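Below is one structure, written out as structure tokens, with a few remarks after it.
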Amino acid sequence: MTDTDRFIRAVAACLAYGTDVDARALEEAVHLVLGNAPRAPSRTVLEELHRTVTERLRGAGLPEEAHRVALVYGGATKIKGYVFEAPKLPEIRGASALLEWVNDHRLPAIWRETLGESLGESCIIYAGGGNFLAFAPAAKGAELARRIEQEFTCQTLTANSVAVAATFSLLELRYGRRPLDFWTEEFLERWRDPQLRAELETYYYTPLPGSAVTMLTDDEIRAAVPGRALETDEIGAVRRFLHRKQFGELVTILATMFNRRRDERAYAGAPRTLPLYPMLPWAEKCVSSDVRPAEWRGTVAGEARAYSEPSARKRYVGQLIKRDDDDQTRWYTSTFAWRAPDELRDRSWETQWEAFLAEQGADTPYRRTMDQQRVTPPRDLNEIGAASRPDRYIGVIYADGNNVGRLIATLSTPDDLHRTSAHLSTAAVDAVFTALAHCLQPAAVRRERRLVFVHPFEILTIGGDDLLLIVPGSRAFDVALTIAYEFERSLAQHLPAPPNAQASHKVHTRYARETLITREPYTPSVGLSAGVVIAHESAPIFFLRDLVEELLKRAKQLARRYAGQRDYYYYGGAVDFMVLKSVTMVADSVEAFRKAALHDESDRRLTARPYAWHEFAGLLETARALKRANFPRSQLYRLRQVMETTPGVIASSMEYLYTRVRLKNLSETLINHIEPPAWRPADDKLRCPAIPPWLPVAHQAYETIWTDLAEIYDMVSSPGSGDDQHSD
């Protein structure tokens, strides 16, 4: 059965729910709308389709008031506040696993419990990435939305959640909100009003090349507005309108309702009830949350802890995820009544990771090591940092797909949304596992005077196109690059890129040599952008989380610039990064820090960040080339200091050229890997000369990769070197 057939049956069953009508008698009417409805109908065609569908529903015995279906949309809010409330990895691990289990398992179970096994399962459009969307009978929508919010509170005690429901006609499931009241004629009338056009352009945005509506001919667009001669700009306007008036518009409406209910608490349903645990003056504080009274005090894994019940539940789930036995979790089970179900342990990333290694990753060095040693999850960040060279450094990678929300909002049908979300989720999981299997090895650490092997990473979440993980600091860059390459290449195969999109080897970037991105080219359809922060293992995790979120935002800004080029469209992602040798290095935002520390100004930037993925691969290769040549670290840092303290670019460029001449045995390496044509201006039409190691970005404005090289130098491994660090 195809996804389209499954959803046709689900919608028909929702229409028939609570009536004596046989759902199979309604499937033909539903198929007229969800199966083969015209892509660009005129108002006359729409009205005729509406009459036909209504007559068939009536003919099957369905009363007029039952001609609507509910869509329920929900999920957790303030997720990172819940997950990172605790400073310790075991509680963070448990909180993340608990949220994912509720969203991915318990919410679908509510549908099955309420609507029956077959109907409940077929109604679910997607459940993942912290969000849930499903069909429901119109009479059950509000009840099911309420149960979603209750379920998150029941299972987590403190996680915030929101769910909303709205009912729609069959015609709306295909053509967006109230198509009979507002169609092409009404849209064009408002489009001609200069005061309204700006707002309409924001909502009815230009379709991405390659989307379904761009395949329509101008004659097909004209047929949607019969009896009216359309100008060229009006054809483009109608194309915008039809691009937006699809099933995805309903998802946008639900997302707006979701946001309003989250902010207003009493919007779209019964008032939300938020959990509150008052801190009494005489109560002992929970050591994990620091805001709730402790209900249990004792020893967990050799540590004295005082937990509130929500924090205890996080720690308990975290222990189950890493497969602690009953003796190790008795501190919880002997005190609290709630128990984690078996499927929570079975759905852990640990279980999925081992399943991946048994199949797709069977030939990787990681799997071969596991065949020889028993490998367990890490207990804390120290055991992840132990795998880094230099040791005691961890890398936090936070990645997210570009423009996925806009893509979802313009999908035509529920099965389009279901397939797209499935592709996004599968690509993200496979990309992460592939990167970990090829870039890491099980790490040997000392635990209670014994040498044990651990998985040197922690997957905090992989939800849809959103992922957050912790890896050894010296491998973070390679892991991030591999994830992006695998993710974008996989989606390029399943979600075709627009016809005029550029392949990865045809885009003019600042790095001209070959990398993995260009050696095995692909044409991205959805890019993945990432923030990467490397810091000492003792750095507060909530601090690193805030930094990596800001780095991700800056990377997405560069990705949008590449996607908006006038001469071509490139939908690949980008990356921004930061290496912290001390947590006191950054006291404010990344932007403020760079302006103060790197003199990041409009005419002279001491960094070239963020980078497109091909450029980032080139930066890593440049750093490795310097390490292979044993470039003195002291000279690397000395030239960076000259750039920071010397105004302009001429003096520091002369110092660089002097160093190149003085280090005769290294001059060829510098020429081949630092200077043009290896690195070049981002704008190929720019006539300003390159002044190595500076690259022109505009007239009399320059940037350099040198500071970035100095920052990442210690965290880039040289193949075959065993991560050895070179001396001066």
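Quick check on this structure: which one of GLY269, GLY298 is outside any helix (DSSP H, G or I), touching a strand residue (DSSP E or B) at 6+ places or on another chain (Cβ under 8 Å) and within 28 Å of PRO90 (Cα to Cα)? Just one listed residue meets the conditions, GLY298. Would you check if there is a residue in the stretch 524-534 being touching a Ser or Thr at 6+ places or on another chain (Cβ under 9 Å), in the same structural domain as GLY464 (by TED's automatic domain parsing) and either modelled with pLDDT of 95 or more or among the polar types (S, T, N, Q) (or both)? Yes - at least one qualifying residue is present in the stretch 524-534.
Out of all the residues in the stretch 391-400, which are in contact (Cβ under 8 Å) with a residue 40 or more places away in the chain and out of contact with any Asp or Glu (no Cβ under 6 Å at 6 or more places or on another chain)?
Let us first name the residues in the stretch 391-400 that are in contact (Cβ under 8 Å) with a residue 40 or more places away in the chain, namely 392-400.
The answer is TYR393, GLY395, VAL396, ILE397, TYR398, ALA399.
Checking LEU381, LEU357 one by one, the residue that is in contact (Cβ under 8 Å) with a residue 12 or more places away in the chain and touching an Asp or Glu at 6+ places or on another chain (Cβ under 9 Å) is LEU381 and no other.
Restricting the search to the stretch 675-700, which residues are out of contact with any Cys (no Cβ under 9 Å at 6 or more places or on another chain), modelled with pLDDT under 85 and not aliphatic (A, V, I, L, M)? Answer for the stretch 675-700, where residues must be out of contact with any Cys (no Cβ under 9 Å at 6 or more places or on another chain), modelled with pLDDT under 85 and not aliphatic (A, V, I, L, M): ASP683, ASP684, LYS685, ARG687, CYS688, PRO689. Restricting the stretch 1-19 to residues that are under 16 Å from LEU119 (Cβ atoms) and outside any helix (DSSP H, G or I) leaves a set whose member that is nearest to the chain's Cα centre (by Cα) is MET1. Could you go through the stretch 63-83 and let me know if any residue there is of a type in the set (S, T, N, Q), touching a residue at least 24 places away in the same chain (Cβ under 8 Å) and assigned to a strand (DSSP E or B). Yes: the stretch 63-83 contains one or more residues that are of a type in the set (S, T, N, Q), touching a residue at least 24 places away in the same chain (Cβ under 8 Å) and assigned to a strand (DSSP E or B).
Based on what the data block shows, is SER289 surrounded by 14 or more Cβ atoms within 10 Å (Cβ to Cβ), out of contact with any Phe, Trp or Tyr (no Cβ under 7 Å at 6 or more places or on another chain), of a type outside the set (A, V, I, L, M) and assigned to a loop (DSSP other than H, G, I, E, B)? So SER289 passes the test. Test PHE135 against the criterion of being surrounded by 19 or more Cβ atoms within 10 Å (Cβ to Cβ) and outside any helix (DSSP H, G or I), and give yes or no. Against the criterion (surrounded by 19 or more Cβ atoms within 10 Å (Cβ to Cβ) and outside any helix (DSSP H, G or I)), PHE135 qualifies. Name every residue in the stretch 220-233 that is assigned to a helix (DSSP H, G or I) and touching a helix residue (DSSP H, G or I) at 6+ places or on another chain (Cβ under 6 Å), in order of residue number. ILE221, the sole residue that qualifies. Tallying residues that are crowded, with 16+ Cβ neighbours inside 10 Å, in a helix (DSSP H, G or I) and in contact (Cβ under 8 Å) with a residue 60 or more places away in the chain within the stretch 33-54 yields 7. Listed conditions (1) within 30 Å of the chain's Cα centre (by Cα); (2) surrounded by 14 or more Cβ atoms within 10 Å (Cβ to Cβ) are all met by TRP331, apart from (1).
In this structure, ILE235 does not satisfy being farther than 27 Å from ALA127 by Cβ, modelled with pLDDT of 90 or more, surrounded by 21 or more Cβ atoms within 10 Å (Cβ to Cβ) and not acidic (Asp, Glu). So is PHE182 at pLDDT 85 or above, surrounded by 13 or more Cβ atoms within 10 Å (Cβ to Cβ), of a type in the set (Phe, Trp, Tyr) and not in a loop (DSSP other than H, G, I, E, B) or not? Taking the combined requirement at face value, the residue does not satisfy it.
With the requirement that a residue be surrounded by fewer than 20 Cβ atoms within 10 Å (Cβ to Cβ) and modelled with pLDDT of 95 or more, what does the stretch 158-167 give you?
Selection gives THR167 alone.
Residue-wise test of (1) crowded, with 22+ Cβ neighbours inside 10 Å; (2) farther than 27 Å from GLY463 by Cα; (3) in contact with a helix residue (DSSP H, G or I) (Cβ under 8 Å, 6 or more places away or on another chain).
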{"residue": "ALA306", "(1), (2), (3)": "no, yes, no"}
{"residue": "ASP325", "(1), (2), (3)": "no, yes, no"}
{"residue": "ALA362", "(1), (2), (3)": "no, no, no"}
{"residue": "THR376", "(1), (2), (3)": "no, no, no"}
{"residue": "SER388", "(1), (2), (3)": "yes, no, yes"}
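Of the residues examined, ASP391 is one that is touching a Pro at 6+ places or on another chain (Cβ under 9 Å) and modelled with pLDDT of 90 or more. None of PHE241, PHE247, PHE258 is touching a Leu at 6+ places or on another chain (Cβ under 7 Å) and either of a type in the set (Phe, Trp, Tyr) or without any contact (Cβ under 8 Å) to a residue 24 or more places away in the chain (or both) except PHE247. When each of PHE187, PHE247, PHE258 is tested for being in contact with a strand residue (DSSP E or B) (Cβ under 9 Å, 6 or more places away or on another chain) and either surrounded by 14 or more Cβ atoms within 10 Å (Cβ to Cβ) or outside the structural domain of THR44 (by TED's automatic domain parsing) (or both), the lone residue that passes is PHE258.
The values are calculated or read from the model by the stated rules, or taken from the named source; none is laboratory data. Just so it is clear, the model here is predicted, and its values are computed rather than measured. Virtual Cβ from ideal backbone geometry, glycine too; neighbours counted across all protein chains shown.
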